[in-house]
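Here's the structure we're looking at; comments come further down.
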Amino acid sequence: MIYLIDTLSMLIRFLFSYGTLFLLLPIAVISFQGKKRLWSEKVFILLIYSHVYFIAMSHLLVFIRLYDALSLYLLTAATIIFVIFYWSRKDDIPKNVKLFVKLFNLSEQRIQWRVTASRVLKEWRTAFIQGFGRKIQTVKKDYVYIVSITILVGTGIFLRFSHAITQLQLGNAEAYAYILRAKQYSENYIYTDFVFPNGFEAVVSVMNKFFHLDPYVIIRFIGPMISVLIILSVYLAIRKISSINRWGLWIVLAIYFLSNWLPFYDHPSFPDIALKYGAVFFVPGIIFLIQYFEKGRIEDLVFSGGSLMISIFFHFYTGIALMTAMIIIGMIYIMGKGSIRSLLAMMSISITIPMLPILIGLLFKGNLYPGMSQFNVFQFREYHSLIVFLFALFIYLLIHMFVEIKNGNTVEKSKVIFYALFCFFYLSFAFVQWFESMSTMDWLGIYLAILTLIAIGNVIPLWTKNLKQIYMIMLAFGLAAIILIFPWRVSTERGYLLQYNEAVQSYLTIKETYDRYNWTIVSPVEEYSLSYGYGWHSNIWEFADQISDSEVEEIRFKTDHIFVFVEKVPIGTEKPIDRSDALSPVPNMTSSDLNEDETGFYYRNPVHRRVIEAKVYQWANTIRKRSDEISVFYENDHFVVYHIHQDRNKPLNLKNFNFYDSGSLKGEYDG
């Protein structure tokens with residue numbers, strides 16, 4: 001129960017932090033008055049403004065070594081004040097800003113301030129009551145759809161958040177790497193190993209700076225949040241280009257939220273969160289560019305450029321995908337209202353700004369991250385049957401367009417664009433799958449899944465335009481039942497198990513209980529990312545090697561508290577460690593192992609991991625029987641944490657507790 005309360009508290013803090021930073025702050029200074037835009041469109045405009053601002057500003061502060069919470073607060077406050085007084089001179093000033101300026105001008109007149117504040121609060125209350133009443137009437141008139149869509153969306157969101165709520169461990173190794181890089185970014189360190197986009201690290205870091213939220217908490221919950229934003233982008237596209245009715249939309253949402261047969265579906269082991277985040281801005285970038293060519297509004301070109309800029313800041317692949325889409329759009333709209341020259345200028349600016357940090361990093365730091373230059377980074381699942389279905393959808397869309405043109409009907413360019421993009425990404429996906437010229441990539445799967453949903457959203461009205469509502473309801477519920485009954489439903493898998501939940505809970509307890517930088521965790525590498533910035537960490541394989549090496553005379557840690565994390569059932573194995581594991585030699589890398597990194601050699605190899613854990617487990621149990629300096633901090637049937645309390649000014653020599661040389665292991669193994 002306590003664990004659930006803590007998790008919900010973390011989730012609420014995350015949602016509040018994310019919503020405040022990327023939605024509430026920009027909405028206070030951005031005007032939508034006199035502009036007819038969908039609510040989903042407004043959400044993405046706010047996200048584009050806020051992401052471009054915070055990513056760009058944090059990069060600037062990091063490069064001049066002035067990035068800290070105070071600098072971020074001051075710069076953000078100065079920007080908001082500047083925008084407010086800039087808008088105060090214009091007629092289309094946002095209502096929030098107008099109210100702020102008016103109250104600011106009245107601040108020295110206490111009576112007028114109270115009267116104005118009272119009137120405004122009364123207006124807000126009246127508007128809320130009236131709006132709530134209208135919503136109640138709407139629900140009464142169409143309660144079947146509203147209740148069913150609420151259940152569907154709620155179920156889908158719950159499934160996406162279920163891993164983050166029920167599991168403390170993160171499910172993939174890349175998540176731990178992002179935690180570490182975000183913390184290093186917060187300390188004004190960028191490109192510590194290789195040069196690659198740091199937009200995602202900037203987002204995590206800014207949330208950490210503004211709200212003092214542990215990056216672990218942000219990474220834990222931001223994946224499901226990204227999934228919700230992706231389906232919101234699909235909703236935006238369908239509303240913009242399709243004549244789909246609400247039950248057709250229900251079907252599209254059901255396919256995304258409940259099924260797992262798309263080329264990409266959400267799972268904790270997805271290899272790259274930043275790549276997934278960049279996909280959020282793929283559809284908005286396309287929609288705004290289409291609107292620029294259709295209506296000639298320069299602000300839509302700016303929003304599209306912002307989407308491209310964010311995509312490149314997050315991941316090279318997401319930038320490539322959106323740039324490809326923009327080139328296709330430019331070719332289709334070569335004679336549109338918008339200027340191709342403006343499109344090229346926008347793309348040049350949007351590419352140059354996020355690439356500047358990369359170029360600076362390459363100039364001063366070193367080499368590009370090797371994974372970015374390889375197109376076979378991520379191995380994907382086999383999808384031959386899915387490709388057949390998508391091929392049928394592909395042929396259907398082509399036939400439909402030709403029939404419409406033959407009958408003298410005009411096919412909207414926006415639909416042609418999404419059909420063209422669907423065809424392009426489908427052919428790319430099918431090519432790498434069938435011919436296996438390169439490994440199929442998750443990044444292709446993301447965009448093909450998004451475009452597939454949009455294509456289905458355009459096909460449904462063609463198939464169901466003459467159906468009565470009752471049949472649409474039966475079709476929607478029938479599809480949902482088929483997905484849930486057959487093995488096509490989305491799973492709530494926990495991803496790759498890299499650490500026990502108890503290890504994360506122990507870290508969180510240690511961090512909250514003991515003074516900063518006055519504790520050391522001895523454990524596998526995952527806790528290094530978690531403890532960085534709060535305490536110290538030592539690799540357990542190094543510790544096992546030191547306590548077993550007769551040539552090592554001292555092992556000391558200069559903190560008052562030392563916590564040794566030991567897996568009694570090592571991850572990747574199924575049975576508890578035993579005496580034979582403890583008596584085996586500590587694994588050491590040789591020249592033949594140089595192609596494997598330390599993490600893979602010591603921790604991903606189950607045999608090596610068993611030996612390391614058994615050595616430390618035996619050492620801890622031996623000294624517990626002969627010394628009072630060590631106690632059990634936490635223990636269950638598969639995991640234990642030992643606590644060594646010392647005076648950091650007179651640190652204990654843990655080597656003195658070594659009993660491996662005398663053969664005294666016999667009878668003392670407690671495994």
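Amide H to amide H, with H built 1.01 Å from N, GLY296 comes under 5 Å of GLY338, counting only residues 5 or more places away or on other chains.
Computed from backbone phi with θ = phi - 60° and the Karplus coefficients 6.51, -1.76 and 1.60, the 3J(HN,Hα) list for the range 161-177 is 8, 4, 5, 5, 7, 8, 10, 7, 6, 8, x, 7, 5, 4, 4, 5, 5 Hz; x is used for glycine and proline.
Rounded if a/c is under 1.5, else prolate if a/b beats b/c, else oblate: with a ≥ b ≥ c from the C-alpha gyration tensor eigenvalues square-rooted, which is the range 298-337?
Working: a/c = 5.46, a/b = 1.50, b/c = 3.64.
Here the range 298-337 falls in the oblate category.
Per-residue 3J(HN,Hα) values for the range 238-254, derived from phi via the Karplus relation 6.51 cos²θ - 1.76 cosθ + 1.60 with θ = phi - 60°, read 5, 5, 7, 10, 10, 9, 4, 8, 5, 6, x, 4, 4, 5, 4, 5, 5 Hz in sequence order (x marks Gly and Pro). Full extension of the segment from ILE5 to ARG239, taken as 0.36 nm per residue of separation minus the current Cα-Cα distance, would add 80.4 nm.
Whenever you get a sec, compute what percent of the accessible area on the range 519-583 sits on carbon and sulfur atoms (1.4 Å probe). Mind showing how you got there, number by number?
Values: 1150 of 2590 Å².
Heavy-atom surface of the range 519-583 belonging to carbon and sulfur, 1.4 Å probe: 44 percent.
When the square roots of the Cα gyration tensor eigenvalues are ordered a ≥ b ≥ c, the ratio a/c for the range 531-592 is 1.5 or more and a/b does not exceed b/c, which makes its shape oblate. For ILE521, the amide hydrogen comes within under 5 Å of the amide hydrogens of TRP536, HIS537, SER538, PHE563, counting only partners 5 or more places away or on other chains and with H modelled in the peptide plane.
Each residue of the range 535-544 was assigned a 3J(HN,Hα) from its phi angle through the Karplus curve 6.51 cos²θ - 1.76 cosθ + 1.60 (θ = phi - 60°); the sequence is x, 10, 9, 9, 5, 5, 5, 5, 5, 4 Hz, with glycine and proline shown as x.
The values are calculated or read from the model by the stated rules, or taken from the named source; none is laboratory data. Nothing here was measured: the structure is a model prediction, and the numbers come from that model. The area values use the complete protein model at the heavy-atom level, side chains included, leaving out ligands, DNA and RNA. Shrake-Rupley method; radii C 1.70, N 1.55, O 1.52, S 1.80 Å.
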